[in-house]
Amino acid sequence: MTVQVLVKPNTYIDSVSLMSLSTKANQIEIVEQAIIAMGTEMNKEVIRNVGLMTPEVESAKTSDLVIIVKAASEELCEGAFESINELLTKKKDSSKGKSEVKYSTITSAVNGTPEANLAIIAVNGSYAPREARKALENNLHVMLFSDNVSIEDEIELKTLAQEKGLLMMGPDCGTAIIGNVALCFANAVRKGNIGIVGASGTGSQEVTVRIHEFGGGITQLIGTGGRDLSEEVGGIMMLAGIKALEEDDATKVIVLVSKPPAPSVEEKVLAQIKQCKKPVVVWFVGGNEEKVTQAGGHFAKMSKEAALKAVLLAGADESKLNKRTLNLPLIEEVRAKLKPQQKYIRGLFSGGTLCDEAMHIAMEKFDNVYSNIQREPEYRLKDVRVSQDHTFIDFGDDQFTQGKPHPMIDPSTRIERFIQEAKDPSVGVIVMDFVLGFGAHEDPVGAMLPAIIEAKQAAEDEGRHLEIIGYILGTELDSQNIEGQINKLLASGATHASSSQNAGLLAREFVVKGE
Amino acid sequence: MSKINELFTNKLNVINVGIENFRDDLLKQNANVTHLEWTPPGRGNPELIAALDKLEDPSVTDKIEAANKEAVERIINSQPVLIGFDQAINVVPGMTKNTILHAGPPITWERMNGPMKGAVTGAIVFEGLAPNIEEAAVLAASGEIVFSPCHEHNCVGSMAGVTSASMFMHIVENKTYGNIAYTNLSEQMSKILRMGANDESVIQRLIWMRDVLGPILRDAMKLNPNGIDLRLMLSQALHMGDECHNRNVAGTTLLIQALTPYIIQTNFTVEQKKEVFEFVSSSDYFSGPTWMALCKCALDAAHGIENSTIVTTMARNGVEFGIRVSGIAGNVWFTGPAQQVIGPMFAGYKPEDSGLDIGDSAITETYGIGGFAMATAPAIVSLVGGTVDDAISYTTKMAEITTTENPNVTIPMLDFIGIPTGIDIQKVIQTGIMPIINTAIAHKDAGIGMIGAGIVNPPIEAFEQALLALSENIK
């Protein structure tokens with residue numbers, strides 16, 4: 001038997017706590033006998049009586065904590081001291097039991113909840129990088145919802161995340177699904193075997209919803225933020241996302257969603273696709289088929305097509321799918337109703353990629369397509385408040401969101417614009433999206449409904465047909481009740497499109513003249 | 001497995017910063033969420049954020065952390081022991097017959113508020129430097145009286161903190177680091193000098209304290225060879241339900257219990273000894289100053305550690321609230337306007353009667369007791385909003401701006417967590433959480449005294465200036 005003594009000078013623990021600590025210490029398996037006590041005369045007497053007195057204990061002061069351990073060997077004594085030290089510190093964990101502790105900083109929250117693994121950061125862009133950095137430093141994956149973060153900060157944060165092997169989604173990332181939990185703006189979709197890395201928020205939402213409708217499901221949806229595939233950022237998070245999904249056993253097929261990447265980044269992404277052991281579907285809005293195919297990827301020109309390819313690659317039986325092809329008789333019918341001067345489409349979107357997709361579909365047939373998010377400067381709206389020929393507006397863009405909530409939450413700006421467009425006699429079709437899901441407005445169709453009914457009536461009074469197409473992005477699992485939203489829309493006399501892709505195609509086809 | 005793949009397979013546990021709706025959506029999906037009570041750091045001031053960023057640069061952080069670790073270890077390991085009592089003129093460094101020490105950062109006679117002027121003039125009469133209060137005021141304004149902060153003389157003073165040459169002082173020695181701290185004796189009661197009252201009854205009591213109470217305590221402690229271990233006693237008092245700033249019931253009992261065997265051995269009459277015991281039992285505040293000296297003694301040992309961002313002093317003179325930080329040695333004060341104390345008041349008084357926050361007693365919060373240890377004193381939760389939960393949340397909140405917990409002074413109700421220790425300027429500015437101080441309220445006019453008690457926060461400006469200075473000073 002060995003007896004070892006540890007004296008902690010100037011350490012006070014009250015006697016009742018010490019008794020319970022001693023009891024616990026004596027329950028440690030390797031301990032033959034243990035005493036934890038303050039070095040008072042009375043305690044020394046007890047220690048003497050049980051024959052454990054040493055010169056060290058003798059010289060301990062009243063304010064010193066004395067720990068005595070008797071065990072089979074020196075080694076075991078050391079082990080016992082470790083366990084006792086744990087007992088001395090462990091009591092702190094249970095103290096956060098009943099009343100909820102409120103934290104003000106990420107660091108203190110992580111200290112209080114060591115199981116935390118991800119931070120969502122949605123604060124003003126001027127403070128966001130600092131918080132994101134703190135989260136990464138605390139080994140949290142990050143979803144940086146905030147916009148107005150500089151590209152320098154983005155690069156710094158993503159580089160830090162890369163070094164630490166963490167996800168750094170965003171900035172300006174509104175959509176993700178991690179472990180079947182939707183973060184920020186996302187739809188409730190089935191769990192499955194398709195993983196998505198998306199640089200476009202609503203584009204990614206659309207793909208998940210279409211996959212769900214085709215009977216498929218999602219493993220993870222990793223949002224990267226819109227600038228990830230820029231020259232400067234270099235696709236850091238898309239590359240990391242592809243790699244992680246490739247290594248994820250649950251994921252069978254990978255889908256990439258983005259606007260066309262910068263050429264150098266595209267090369268990197270394609271090179272990674274080439275090496276990837278899993279099939280990769282690529283939907284880069286307005287992207288190039290040849291390069292993707294050469295890299296062994298599966299090219300998709302539009303959103304529904306991307307979802308369809310993904311579910312087929314994931315094992316769906318094509319013959320059993322309802323692909324919801326375009327309603328050709330409806331196209332004929334509407335064309336006949338529109339007057340010759342009703343030539344133009346006005347797209348009023350809350351989802352950026354939904355806007356982009358509809359615009360690209362229009363651009364395939366028309367060369368006078370204008371937008372606030374056009375890449376070509378000559379087709380960018382000079383005044384975003386004034387439409388020109390075919391016009392597609394993304395109300396989620398910065399010009400409209402300064403100091404205001406996103407249009408998916410606050411529809412007021414779009415309603416005003418709708419009323420304005422509906423009065424324009426050169427307009428044939430107004431196409432709009434209504435986004436459901438977590439984070440979104442609870443009744444987006446309802447908010448627009450009075451304006452739609454009034455506009456249609458006013459147009460009719462003037463003897464013209466105003467065609468309104470609505471697309472509702474959502475699933476039957478979303479809290480907004482998609483059936484009810486569709487019914488409301490149909491009751492107003494609007495046309496319901498079954499997908500973002502079909503909304504774009506219908507809008508284009510309705511206003512094509514003389515075919 | 002990579003960290004990202006681990007995320008895919010582990011249960012999601014989110015820290016949500018910003019939009020609260022995201023928390024609700026996560027809860028609907030049965031994810032674990034912690035929503036932060038977040039505010040922009042440094043109130044959104046870019047200069048302060050830049051200073052925070054500078055201090056958080058990895059090369060700097062390590063130095064600060066090491067310095068702060070040393071500072072809090074010094075606070076925790078300090079062992080302040082009451083070793084005696086004596087008159088200020090005999091023991092306090094720099095004390096002279098015409099010196100008057102006061103609470104808080106430096107202040108001139110002209111700028112002093114009502115209670116402090118009341119206390120100063122009372123002290124001048126008590127010292128025999130002027131025959132009455134009116135002439136005392138003339139003398140105070142003449143420039144012949146030297147005014148100096150208690151803190152700059154190793155002292156702390158309750159409320160106005162007014163300390164003159166012949167007043168008796170506690171002498172508290174830090175057995176670990178050797179430094180000594182002093183503080184005045186409690187006058188008990190509410191109509192007292194430190195609260196600004198100065199009539200004949202106040203002066204008479206001071207004279208009795210000088211001629212009877214002080215000498216008895218002095219002689220008693222001469223008979224006690226080991227002194228009284230105040231930290232051990234403080235720990236016990238906390239376990240008995242004191243937070244040792246506003247509630248001193250248990251501490252006073254423990255202190256007089258430790259003093260009694262020696263008091264009865266002194267060469268004073270039984271009648272005089274009886275007066276002492278009656279005086280002590282006349283209110284619960286007898287040990288209040290004692291804890292302040294303990295705190296001062298421990299915090300002084302942590303002052304002047306290069307690169308440390310720990311607060312070593314919080315003190316108010318009734319006009320300004322001043323702090324000192326460890327990393328800026330000496331008597332450099334960072335100040336902001338003294339605030340109004342909010343809390344219950346004696347019958348007949350209204351909030352507009354109250355003088356602004358005053359006294360060195362915030363040294364207790366600087367150490368981690370008082371408002372910081374509210375969770376241990378459910379009996380006086382009425383001071384802080386009324387419920388035990390409020391009291392607990394005050395303590396847990398303070399843990400957000402402090403560096404560590406003091407394992408030597410623990411709180412039973414929180415499973416024996418140590419008191420929050422080492423207020424870190426960086427954390428205060430980062431979180432916007434201000435230290436919580438529970439304190440007495442003196443009437444704004446001279447001559448009246450205590451009219452209530454409650455809670456108050458320091459002005460954030462003091463902390464902001466300190467942060468900027470630290471960021472410039474950092475080596």
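Please sort A:57-64, B:435-442 by packing, taking for each peptide the average over its residues of neighbouring beta carbons within 10 angstrom, highest first.
Numbers: A:57-64: 17.1, B:435-442: 26.9.
Result, highest mean Cβ count within 10 Å first: B:435-442, A:57-64.
Once R0 is set to 60 Å, what does the formula 1/(1 + (r/R0)^6) return for the Cβ-Cβ distance between A:L449 and B:Q340, expressed as a FRET efficiency to the nearest 0.05? Intermediate values should be presented prior to the final figure.
Details: r = 53 Å, r/R0 = 0.88.
Here the calculated transfer efficiency is 0.70.
Which whole-Hz couplings ³J(HN,Hα) result when phi for each residue of the stretch B:441-454 is put into the Karplus expression 6.51 cos²θ - 1.76 cosθ + 1.60, θ = phi - 60°, listed in order with x for Gly and Pro?
Using θ = phi - 60°, the values come out as 10, 9, 5, 5, 9, 5, x, 9, x, 6, 10, x, 8, x Hz.
Ignoring ligands, DNA and RNA, please state the percent of accessible area on the protein assembly as shown from carbon and sulfur, probe 1.4 Å. List each step's numbers first, then the result.
Details: 19170 of 37350 Å².
Roughly 51 percent of what the probe reaches on the protein assembly as shown is carbon or sulfur.
Within 10 Å of each Cβ of A:179-186, how many other protein chain Cβ atoms are there on average? Walk me through the numbers on the way to the answer.
Working: counts 8, 5, 11, 6, 8, 6, 2, 1.
Average per residue, whole number: 6.
With every protein chain present, what accessible area does B:I448 have (1.4 Å probe, heavy atoms only), rounded to the nearest 10 Å²?
B:I448 has an accessible surface of roughly 60 Å² with all protein chains in place.
Taking the highest mean first, how do the peptides B:319-326, B:200-207 order by number of other beta carbon atoms within 10 angstrom per residue? List each step's numbers first, then the result.
Working: B:319-326: 26.1, B:200-207: 16.4.
Ranking the peptides B:319-326, B:200-207 by packing returns B:319-326, B:200-207.
Return the subset of B:K191/B:K273; A:K268/A:K323; A:K61/B:K273; A:K191/A:K323 for which the Cα-Cα distance in this structure is over 25 Å, preserving the input order.
Working: B:K191/B:K273 23 Å; A:K268/A:K323 33 Å; A:K61/B:K273 32 Å; A:K191/A:K323 21 Å.
As for pairs spanning more than 25 Å Cα to Cα, those are A:K268/A:K323; A:K61/B:K273.
Give me the accessible area of A:K488, 1.4 Å probe, in Å² rounded to the nearest 10.
70 Å²
With angles folded into 0 to 90 degrees, how steeply does helix A:151-164 sit against the dominant principal axis of chain A? Use alpha carbons for both and round to 10.
Helix A:151-164 and the main axis of chain A meet at about 50 degrees.
Which aspartates and glutamates does A:K304 reach when only Cα atoms under 12 Å apart count, and residues fewer than 8 places away in its own chain are ignored?
A:E206, A:E213, A:E357
So which residues in the stretch B:396-423 end up with at least 10 square angstrom less accessible surface once the other protein chains are there, compared with the chain by itself, probe 1.4 angstrom?
B:T396, B:K397, B:E400, B:E405, B:P407, B:N408, B:T410, B:L414, B:D415, B:F416, B:I417
Among A:I120, A:P425, A:L136, whose Cα lies farthest out toward the positive end of the dipole of chain A, if unit charges sit on the beta carbon of Lys, Arg (+1) and Asp, Glu (-1)?
The residue sitting farthest along the positive end of the dipole is A:P425.
Could you state how much accessible area A:K259 has, in square angstrom rounded to the nearest 10, with a 1.4 Å probe and all protein chains kept in place?
80 Å²
Along the stretch A:452-463, what does the Karplus equation 6.51 cos²θ - 1.76 cosθ + 1.60 (θ = phi - 60°) give for ³J(HN,Hα), rounded to whole Hz, x for Gly and Pro?
Result, ordered by residue: 5, 4, 5, 5, 5, 5, 4, 5, 4, 4, 8, x Hz.
With every protein chain kept in place and ligands, DNA and RNA left out, what is the accessible area per residue of the protein assembly as shown? Probe 1.4 Å, answer in Å².
Details: 37350 Å² over 990 residues.
Result: 38 Å² of accessible area for each residue.
Give the cysteines in chain B for which no other Cys Cβ lies under 4.7 Å away, or write none if there are none.
Lacking a cysteine Cβ partner under 4.7 Å: B:C244, B:C295, B:C297.
Calculate the FRET efficiency for A:S479 and A:D317 from the Cβ-Cβ distance with a Förster distance of 25 Å, rounded to the nearest 0.05.
Details: r = 31 Å, r/R0 = 1.23.
It comes to 0.20.
How many square angstrom of accessible surface are buried between A and B, both sides summed, with a 1.4 Å probe and rounding to 100? Don't skip to the end; give the middle numbers.
Details: alone 23860 and 18620 Å², together 37350 Å².
That pair hides around 5100 Å² of surface in total.
Before rounding to the nearest 500, sum -39500 (n - 2.57) across all DSSP H runs of length at least 4 in the protein assembly as shown and divide by the residue total; then give [θ] at 222 nm in deg cm²/dmol. Walk me through the numbers before you get to the answer.
Numbers: 36 runs with 384 residues, N = 990.
Helix contribution divided over all residues of the protein assembly as shown: -11500 deg cm²/dmol.
Using alpha carbon coordinates only, what is the Rg to Rh ratio of the stretch A:368-506, with Rh defined as the Kirkwood radius?
Numbers: Rg = 15.0 Å, Rh = 15.7 Å.
With Rg and the Kirkwood Rh in hand, the quotient comes to 0.95.
Given chain B, report the % of alpha carbon pairs whose separation exceeds 37 Å.
Working: 29558 of 112575 pairs.
So the pairs more than 37 Å apart make up 26 percent of the total in chain B.
Average the reciprocal distances over every distinct pair of alpha-carbons in the protein assembly as shown, invert the result, and give the Kirkwood radius in Å.
Numbers: mean 1/r = 0.0305 Å⁻¹.
Hydrodynamic radius (Kirkwood, Cα pairs) of the protein assembly as shown is 32.7 Å.
Using alpha carbons only, how many degrees (0 to 90, rounded to 10) separate the axis of helix A:236-247 from the longest principal axis of chain A?
The angle comes out at about 70 degrees.
Can you pull the one-decimal nm distance between simple spin-label points at B:N98 and A:I30, each 7 Å off the Cα toward Cβ?
Distance between the two pseudo-spin positions: 7.2 nm.
Apply the membrane-span-like helix rule to chain B: whole DSSP H runs, Cα extent along the own long axis of at least 24 Å, mean Kyte-Doolittle hydropathy at least -0.5. List the helices found.
Numbers: long enough: B:58-77 (28 Å, -0.45).
Those that clear 24 Å and a mean of -0.5 are B:58-77.
Along each of its three principal axes, how wide is the spread of alpha-carbon positions in the stretch A:397-441, in whole angstrom units, largest first?
Cα spread of the stretch A:397-441 along its principal axes, largest to smallest: 36, 23, 14 Å.
The values are calculated or read from the model by the stated rules, or taken from the named source; none is laboratory data. Keep in mind that what you see is a predicted model, and the values were worked out from it rather than measured. Glycine gets a Cβ as well: all are built from the backbone with ideal geometry, and neighbour counts include every protein chain shown. Areas reflect the complete protein model, heavy atoms only, side chains present, ligands, DNA and RNA absent. Shrake-Rupley method; radii C 1.70, N 1.55, O 1.52, S 1.80 Å.
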